[in-house]
Structures are given as C-alpha cells and as structure tokens.
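*Asks:* Structure in structure tokens, see below.
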Amino acid sequence: MEKIGRNDPCWCGSGRKYKQCHEAFDEKIRSFALQGHIVPDHSMIKTPEQIAGIRESGLINIAVLDYVAENIREGMSTAEIDRLVESKTREMGGIPAPLGYDGFPKSVCTSVNSQVCHGIPSEEDILKNGDIVNVDASTIYKGYFSDSSRMFIIGETDEEKKKLVRVAKECMEKGIEAVKPWTFLGDMAAAVNSHAKANGCSIVIDMGGHGVGLEFHEDPFVSYVAPEGTEMLMVPGMVFTIEPMVNLGGPDIFVDDANGWTIYTEDGKPSAQWEVTVAVTEDGCEVLVY
C-alpha cells in the first residue's frame with residue numbers, strides 16, 4: 001500500500017485526514033502482511049457509497065430471480081428463461097451483465113443437471129420433470145454490478161438431487177457464517193469444503209468466487225477448497241461472491257469445446273450452486289445480493 005502523510009486526505013475519499021480515518025486500519029493490514037499473509041490493496045476495499053450502489057443494483061438482481069421463480073416450469077426452454085431475465089432487468093432500468101461479456105451470447109447462465117456453470121440458454125434445451133437448474137443472474141445498475149444465483153427443481157426429482165440442492169445451499173450458508181473481518185478466505189473455504197465432504201459431495205477446485213461491484217469480476221479469486229489460515233485476509237469493505245459449485249460425484253470438470261463456455265462434471269453426475277454477494281463488515285458480513 002502507498003505511504004500517505006498522516007495529515008493528508010485519506011485515500012478512501014472521505015475528506016478526513018488520514019490519521020483520523022484509515023491509518024490504523026492500514027497499519028493493521030500491514031501487520032498481517034509482515035507475517036507473510038496475502039492482504040488486500042485499497043482497490044479491493046469499497047466505500048460506504050459504493051456498497052450502497054452495489055446493494056441497489058442487487059435489488060434488481062433479486063427481483064429478476066424472484067421473477068424467474070414465479071415463471072419457471074416444466075416444458076419451457078432455457079431460452080425462455082433468458083428472455084424473462086432480460087425483459088425484467090431492462091424493465092427495472094438495469095443491464096444484464098453477462099450479455100456480451102467476453103463474447104457470452106446471452107443475458108443469463110442456465111446450467112442444467114451435470115452442467116456446473118456457464119450454461120448458454122437455448123431453444124433446444126427444454127426443462128423436464130426431475131431436472132435441476134441453476135439460474136445465474138448478474139445486473140449492472142448506475143455503473144454498479146451485482147451477482148447471485150439460485151437452484152430450481154423442476155417438478156419432482158430423486159432424493160439424490162434433492163439432497164445435492166440442499167447441501168449446496170447449506171455450503172453457501174456455511175460460507176456466509178464464516179466471513180469475519182481479520183480472518184482469512186481460507187477459513188471460509190474450509191467451512192464450505194468440510195460441509196460438502198461430510199455430506200458425500202465434492203467442491204469444484206478450479207472454479208470459485210470473485211470480487212464484484214465496480215466491475216463484473218474483480219480480485220480476489222475466492223477458493224472454496226483452501227485450508228484454514230490461507231488465502232487473502234478479509235477486511236471490512238471487501239465485497240465478493242460466495243458461490244461454491246457442489247458436485248454429487250467427483251470435483252473434475254471439462255469445458256464444452258463446441259461453445260467454449262459451458263462447464264460439465266467429468267463423471268456426468270449432477271452439480272448444484274447457490275450464489276450470494278457479501279460485504280465484509282466490522283463484525284461479520286452483510287449479504288448484499290441473495
């Protein structure tokens with residue numbers, strides 16, 4: 001972190017002198033860095049105004065997923081879900097963040113059964129009784145990005161898939177509970193991973209969460225398989241997603257060569273994921289987008 005004079009304006013933009021604002025905060029971060037830990041730089045720490053903007057964007061994201069929940073059904077195509085998401089997002093003044101991102105062709109990701117993530121909506125993909133599907137929506141509103149996803153069970157499915165959807169949600173909730181300032185992302189990851197393993201599931205190793213807010217994907221990368229005491233220090237003001245991808249079988253995955261986006265489980269067994277965006281607070285975290 002850059003050295004700032006004690007009487008200079010604070011880097012956070014508050015207008016207060018550095019010594020009265022973030023000096024003690026920065027010194028605490030430096031003490032962890034001197035112990036060899038990975039620490040965030042100022043670019044990863046959001047101001048209260050920025051967090052308010054992300055929260056406002058999240059209200060649209062939540063409303064969009066609520067709208068999907070009201071309308072998703074057996075017999076509809078995943079392309080219909082895409083149209084629901086785009087129309088609702090724009091109706092509320094937002095922009096679907098996935099559309100055109102690195103060439104992604106749709107407004108939402110729809111990942112069915114053995115698709116782990118980044119499923120591309122299609123007229124040919126028709127939801128059937130017993131399917132499980134992740135709908136991953138992301139919104140831009142007034143320049144702020146929000147990101148969350150939910151699982152949906154179509155009709156009646158088997159007990160294994162029901163358990164997987166439940167365990168995936170519990171893993172996300174374990175992650176939320178483990179977010180505390182001045183601890184490590186690895187502490188959160190260990191809580192997530194141990195819960196998945198205890199329930200006979202596995203966490204995808206090569207995919208994870210990310211910082212979000214001013215851009216769609218920001219630092220840090222958020223692993224859900226790292227051990228306690230490792231990865232980046234969590235400090236108040238950091239905003240990132242908690243979105244462990246939980247497999248009924250093994251953790252290995254592959255990318256669809258035909259579209260370069262959709263990720264599948266290597267063993268063909270189903271995968272499930274729930275996602276929230278959280279902000280680290282002085283005593284835990286706030287879920288900004290559910």
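The values are calculated or read from the model by the stated rules, or taken from the named source; none is laboratory data. Please read all numbers here as calculations on a predicted model, not as lab measurements. Here the Cβ positions follow ideal geometry from the backbone for every residue, glycine too, while neighbour counts run over all protein chains shown. Surface areas here come from the heavy atoms of the whole protein model, side chains and all, with no ligands, DNA or RNA. Shrake-Rupley method; radii C 1.70, N 1.55, O 1.52, S 1.80 Å.
*Asks:* For the stretch 254-269, indicate whether the set of residues that are among the hydroxyl-bearing types (Ser, Thr, Tyr), within 24 Å of Asp125 (Cβ to Cβ), open to solvent by less than 10 Å² (accessible area, probe 1.4 Å) and in a strand (DSSP E or B) is non-empty.
*Replies:* yes
*Asks:* What are the residues in the stretch 28-44 that are farther than 21 Å from Gly229 by Cβ and either open to solvent by 40 Å² or more (accessible area, probe 1.4 Å) or out of contact with any Phe, Trp or Tyr (no Cβ under 8 Å at 6 or more places or on another chain) (or both), if any?
*Replies:* Ser43
*Asks:* If we scan the stretch 190-207, do we find a residue that is within 22 Å of Ser43 (Cα to Cα) and either at pLDDT below 95 or out of contact with any helix residue (DSSP H, G or I) (no Cβ under 9 Å at 6 or more places or on another chain) (or both)?
*Replies:* No, there is no match, as no residue in the stretch 190-207 is within 22 Å of Ser43 (Cα to Cα) and either at pLDDT below 95 or out of contact with any helix residue (DSSP H, G or I) (no Cβ under 9 Å at 6 or more places or on another chain) (or both).
*Asks:* Output the residues belonging to the stretch 125-139 that are part of a strand (DSSP E or B) and surrounded by fewer than 20 Cβ atoms within 10 Å (Cβ to Cβ).
*Replies:* Listed by number, the list holds a single entry, Ile126.
*Asks:* Would you confirm whether or not the stretch 184-196 contains a residue that is in contact with a strand residue (DSSP E or B) (Cβ under 9 Å, 6 or more places away or on another chain) and closer than 26 Å to Glu86 by Cα?
*Replies:* There is no residue in the stretch 184-196 that is in contact with a strand residue (DSSP E or B) (Cβ under 9 Å, 6 or more places away or on another chain) and closer than 26 Å to Glu86 by Cα.
Matching residues to (1) open to solvent by 50 Å² or more (accessible area, probe 1.4 Å); (2) assigned to a loop (DSSP other than H, G, I, E, B); (3) small (Gly, Ala, Ser):
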position	(1), (2), (3)
Ile51	no, no, no
Gly75	no, yes, yes
Glu80	yes, no, no
Arg90	yes, no, no
Glu123	yes, yes, no
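*Asks:* Among Thr110, Thr157, which is touching a Gly at 6+ places or on another chain (Cβ under 6 Å) and either closer than 13 Å to Phe216 by Cα or open to solvent by less than 10 Å² (accessible area, probe 1.4 Å) (or both)?
*Replies:* Of the residues listed, the single one that is touching a Gly at 6+ places or on another chain (Cβ under 6 Å) and either closer than 13 Å to Phe216 by Cα or open to solvent by less than 10 Å² (accessible area, probe 1.4 Å) (or both) is Thr110.
*Asks:* Taking the stretch 162-181 as the region of interest, how many residues are more than 19 Å from Lys269 (Cβ to Cβ) and in contact (Cβ under 8 Å) with a residue 60 or more places away in the chain?
*Replies:* Here the count works out to 6.
*Asks:* If you don't mind, there's one more thing I want to ask. Kindly establish whether Gly200 is open to solvent by 40 Å² or more (accessible area, probe 1.4 Å), over 22 Å from Lys106 (Cβ atoms) and of a type outside the set (Lys, Arg).
*Replies:* So Gly200 passes the test.
*Asks:* Counting just the residues of the stretch 140-154 that are of a type in the set (A, V, I, L, M, F, W, C) and within 20 Å of the chain's Cα centre (by Cα), which one comes out surrounded by the most Cβ atoms within 10 Å (Cβ to Cβ)? Please lay out each step first, then the result.
*Replies:* Of the residues in the stretch 140-154, the ones of a type in the set (A, V, I, L, M, F, W, C) are 140, 145, 151-154.
After this cut, where a residue has to be within 20 Å of the chain's Cα centre (by Cα) as well, the list is 140, 145, 151-152.
Values: Ile140: 19, Phe145: 26, Met151: 20, Phe152: 19.
Applying the filter and picking the extreme gives Phe145.
*Asks:* Being touching a residue at least 40 places away in the same chain (Cβ under 8 Å) and surrounded by fewer than 16 Cβ atoms within 10 Å (Cβ to Cβ) is the filter here, so list the residues in the stretch 182-197 that pass it.
*Replies:* Trp182
*Asks:* Going by what's in this entry, would Thr110 be described as closer than 16 Å to Val289 by Cα, touching a strand residue (DSSP E or B) at 6+ places or on another chain (Cβ under 9 Å) and of a type in the set (S, T, N, Q)?
*Replies:* no
*Asks:* Of the residues in the stretch 22-49, how many are touching a helix residue (DSSP H, G or I) at 6+ places or on another chain (Cβ under 6 Å) and in a helix (DSSP H, G or I)?
*Replies:* 0
*Asks:* Still on this structure, I have one more. Search the stretch 31-58 for residues being of a type in the set (A, V, I, L, M, F, W, C) and in contact (Cβ under 8 Å) with a residue 24 or more places away in the chain, and hand back the single one that is nearest to Glu275 (Cα to Cα).
*Replies:* Once the filter is applied, the top-ranked residue is Ile54.
*Asks:* Same structure again: Hey, among the residues in the stretch 236-251 that are within 17 Å of the chain's Cα centre (by Cα) and in a loop (DSSP other than H, G, I, E, B), which one's surrounded by the most Cβ atoms within 10 Å (Cβ to Cβ)?
*Replies:* Pro244
*Asks:* So which of Glu159, Glu218 is of a type in the set (D, E, K, R), free of Cβ contacts under 8 Å to residues at least 60 places away in the same chain and farther than 19 Å from Gly119 by Cα?
*Replies:* Values: Glu218 fails: free of Cβ contacts under 8 Å to residues at least 60 places away in the same chain.
Answer to the check: Glu159.
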